[in-house]
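Structure record follows, encoded as C-alpha cells.
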Amino acid sequence: MHHILRAQQFDGPALNKLFHQTRHIKKALTDPEQKRALRSTFPDKSFYYLFAEPSTRTRTSFQKAATNLGMETMGTENAKDFSSMVKGETLEHSIRVILGNGFDVIAIRHSDNGAADRAAAVCDDCGFNTAIVNAGDGTSQHPTQALLDLFTIHEKFEQIDGLTVVIGGDLAHGRTARSLAYLLSKFRVKLIFVSTPELTVGEDIQAHLNERQIDFRLETKVEDAVPEADVVYWTRFQRERAGDSLAGSPHVITLGTMALFKPEAILLHPLPIVGEIAHEVDSHRQAYYFQQSDNGLPIRMALFQSILSAQD
Ligand code: NCD
C-alpha cells in the first residue's frame, strides 16, 4: 500500500488489518496518556493537503489525524483560488513543486476524474517516495470515505458478509457511493441501488458487480428497497457536477421512511446533507451519520500508520 487512489486496492486482509488498527486507535484516543504517546509516532514525517474543491470533514480529519500522530502538517484548502492553479498552473507542475519540499504524504482533492492518478504518476516519474492519497477526484472515487463508511458498518454488525445495503441518491455523480460499491463488492453482500433513472449507478460499477457475481438490483422507489436493508447509505444531489437540468433531488428520508427500517438497520450518509434527510431524523436512534463522520479521524490515523510504516 503506497498511493491510495481507489477503493479496489483494498482486499479482505488489508481491510481487516486497517479496521483492527482503527479500533485500537479509537480506544487509545479516549485515554489521555495513550493519546499523548501517539503524538510521538511520526515526529519526522510531514503531510500536505492540496484541496481544490470544498471540504469540511475530509480536510479537517486528515489534518487532525496527521497532527495526532505528531506529523508536520500544512496545505491549501482552496487551491483553485489561492494556489498558482489560479494563474493556470497545471496540476502536474503544482504537484511537482509541492513534492520538491519533501512531504511524506500528500492528500489531493480535485474536480477532475483521475487527478490523484496524475499526481501519483508525477511522483513516481520524478522518483519521489511520497504517497499520494485520493481525497476525492471528480465523479470518480473517494476511497478514504468508503473506508470509514465500511468501518462504520463493520463496527455495527461485526461483519460485512450477509448484509443487504441500499445505496441511494445521486449515484451518477456521487464518488463516495461508487467507492463504497467497489469496497462492498469484496464481500458476499446484496446491493440495492435507489435513484431516479437519470441518476442511476454507472455501467462500470454494474459491470464490476456482475464480474464479481454480486447480487444487486436497481430501484427507483425508496420504499421498494428500505424494508430489506441492514444499511441505507443515502447521498445528496451533486448540483455542482450534474448542473440544474437534472435537479429533482433524491427522495427525502423522513421519519416516515425511518419507520420502514428493520429495527437494527442503520442510516448512513457521507455528508453534507442538503435536504435529502429531514432534520428531525438526526436524533433518530438509527441515524448513524455523525458516528460515521467521527470515524474519519481514527481511520485516517490508521491509514497514515499503514502508509508510513510501508515507506520505511
Ligand atoms: C463527499 C465528497 O466530497 O465526495 N463529502 C465527503 O468527503 N464526506 C460527499 C459530497 O460532497 O456529497
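The HN-Hα couplings worked out from phi for the range 195-204 by the Karplus form 6.51 cos²θ - 1.76 cosθ + 1.60 (θ = phi - 60°) are 6, 5, x, 6, 10, 6, 5, x, 5, 5 Hz, whole numbers, x standing for Gly and Pro. Listed values for the range 163-179 are Karplus-derived 3J(HN,Hα) couplings in whole Hz (6.51 cos²θ - 1.76 cosθ + 1.60, θ = phi - 60°), namely 7, 9, 10, 9, 10, x, x, 8, 8, 7, 10, x, 6, 5, 5, 5, 5, and x replaces Gly and Pro. Short-range pairs are left out: with C-alpha atoms under 8 Å and at least six residues apart, the relative contact order of the range 1-156 is 27 percent.
Comparing LEU50, THR22, LEU5 along the charge dipole axis of the range 1-61, the residue lying farthest to the positive side is THR22, per the Cβ-charge model.
Contact order for the chain, expressed relative to its length and based on alpha carbon pairs under 8 Å spaced 6+ residues apart, stands at 19 percent. When the Cα gyration tensor is reduced to axis lengths a ≥ b ≥ c, the ratio a/c stays below 1.5 for the range 155-312, which is therefore classed as rounded.
The translational diffusion coefficient of the chain, from Stokes-Einstein at 20 °C and 1.002 mPa s with a Kirkwood hydrodynamic radius over alpha carbon pairs, comes to 107 µm²/s. Proximity of backbone amide H atoms, modeled 1.01 Å from N, is registered between VAL133 and ILE4, ILE106, ALA107, ILE108 at under 5 Å, excluding neighbours fewer than 5 places apart on the same chain.
Based on the alpha-carbon gyration tensor of the range 183-273 and its eigenvalue square roots a ≥ b ≥ c, which shape applies: rounded if a/c is under 1.5, prolate if not and a/b is larger than b/c, or oblate? Oblate, because a/c is 1.5 or more while a/b does not exceed b/c. Coupling constants for the range 261-266 follow from the phi torsions by the Karplus curve (6.51 cos²θ - 1.76 cosθ + 1.60, θ = phi - 60°), and in residue order they are 5, 5, x, 9, 5, 10 Hz; glycine and proline get x. Rounded to a whole number, what is D in µm²/s for the range 157-208 from Stokes-Einstein with the Kirkwood radius over alpha-carbon pairs (4 °C, 1.567 mPa s)? Diffusion coefficient, whole number: 114 µm²/s.
Amide H to amide H, with H built 1.01 Å from N, TYR233 comes under 5 Å of VAL166, ILE167, GLY168, LEU268, counting only residues 5 or more places away or on other chains.
Under a plain spin-label model, where a point goes 7 Å from the Cα along Cα-to-Cβ, how far apart in nm are ASN210 and GLU33? Placing both labels 7 Å beyond Cα along the Cβ direction yields 5.9 nm. Among LYS80, LYS27, sorting on how many other beta-carbon atoms sit within 10 Å of each Cβ, with the fewest leading, yields LYS27, LYS80.
Dipole size of the chain about its Cα centre, with +1 on Lys/Arg Cβ and -1 on Asp/Glu Cβ: approximately 660 debye, rounded to the nearest 20.
Only the coordinates and a few stated rules stand behind these numbers; no lab work does. Note that this is a predicted model, so its numbers are computed, not measured. Because the Cβ atoms are built from the backbone with ideal geometry, glycine has one as well, and the counts that use them run over all protein chains shown.
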